[in-house]
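*Asks:* Dropping the structure in here first, questions after.
The values are calculated or read from the model by the stated rules, or taken from the named source; none is laboratory data. Remember, predicted model here, so these are calculated numbers, not experimental data. No Cβ is skipped: glycine too gets one built from the backbone with ideal geometry, and neighbour counts run over all protein chains shown.
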Amino acid sequence: MAGVVRGRRRTAGPLAAAAVLGVLLGSAAFAVAPLPLHGPGPSAGADGPAPSSPSSPSAPGSPSVSRSPSAGATSATPSPVRATPTEHPSPSPSPRSTPRRTPSGPAFTERALLQTSELLEHGWGKAAELSLERGVATKPLLPCVRPDRLPTPPIAAYVATYQGLHTEAAEQVLRLADRDEAEAAVDGFTDEVGRCGTVTSARRVTVGTRHEPDLEGVSEAVWWNVRGTSASDPLRGVLAIARVDDRVTVLYLHATATDPAKTTDVVPLLRQAGLRLV
């Protein structure tokens, strides 16, 4: 009996060892086989397979951190491009649709009036300034025209009177709100000159020839010869208007012993009066 038992023990030893070896081989095969059965995960390729650490929250086949949607959106989905004003500029307004006044123009002061030295340079043998006032003349210093009755009051105004040897002069300078108003003022004064023989609110004179010289640096200019309203009235004179941008001057020269149109360089003086405005 004892021999039989010892024989069974010797036989069981090799069987047990074979069983243990089979279990170990089966376990190793199980550990290696699952990955090929499910195919390569999304992370397989150049970056290699994702780690199979038990602590990783990602299941096999889920995207890796390096391929997160936020990282992919940066390169795959460009930000929308918005058009800027410089890329699509609005059409430039036409000159007629923009204000015509020059807001940044030079200051308008009493220096806009003619200087006595300028009268001497243009034919006067003697010149003195009799008066200089701020504002619009309310008494009729000028024939035909009444600057104090403009539809829109000027922004600034000055008036002066001068005395020469035989000739006297009065000048009114105005700055209007813009070029349109200045042009309207010149048109209004011109219409008044055309009715000068019938006006009762300004000095009455007989208006003669109209002249429209083209003066460099002056937007527009016009002047007339004038004389007394009767044959016994020896008055002779010149009434002139000039405009530069939004500024206007009205100049009146008159005498009784001489004719200012002949003793004064009217056109150069009118240009100088226009340039004085700016």
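*Asks:* Of all residues in the stretch 131-163, which are touching a Ser or Thr at 6+ places or on another chain (Cβ under 9 Å), farther than 29 Å from Gly105 by Cβ and modelled with pLDDT of 95 or more?
*Replies:* Across the stretch 131-163, there are no qualifying residues.
*Asks:* Still on this model: Can you name the residue in the stretch 227-246 that is at pLDDT 95 or above and β-branched (Val, Ile, Thr) and is also nearest to Thr264 (Cα to Cα) among such residues?
*Replies:* The selected residue is Val238.
*Asks:* Take the residues of the stretch 120-146 that are among the charged types (D, E, K, R) and assigned to a loop (DSSP other than H, G, I, E, B): which is farthest from the chain's Cα centre (by Cα)?
*Replies:* Looking at the filtered set, the residue picked out is Lys126.
*Asks:* Examine the stretch 204-220 for a residue that is free of Cβ contacts under 8 Å to residues at least 12 places away in the same chain, within 24 Å of Ala157 (Cβ to Cβ) and out of contact with any Ser or Thr (no Cβ under 8 Å at 6 or more places or on another chain), and state whether such a residue exists.
*Replies:* No - not one qualifying residue is present in the stretch 204-220.
*Asks:* From the residues in the stretch 220-278 that are within 18 Å of Arg195 (Cα to Cα) and β-branched (Val, Ile, Thr), which one is surrounded by the fewest Cβ atoms within 10 Å (Cβ to Cβ)?
*Replies:* Residue satisfying both the conditions and the ranking: Thr229.
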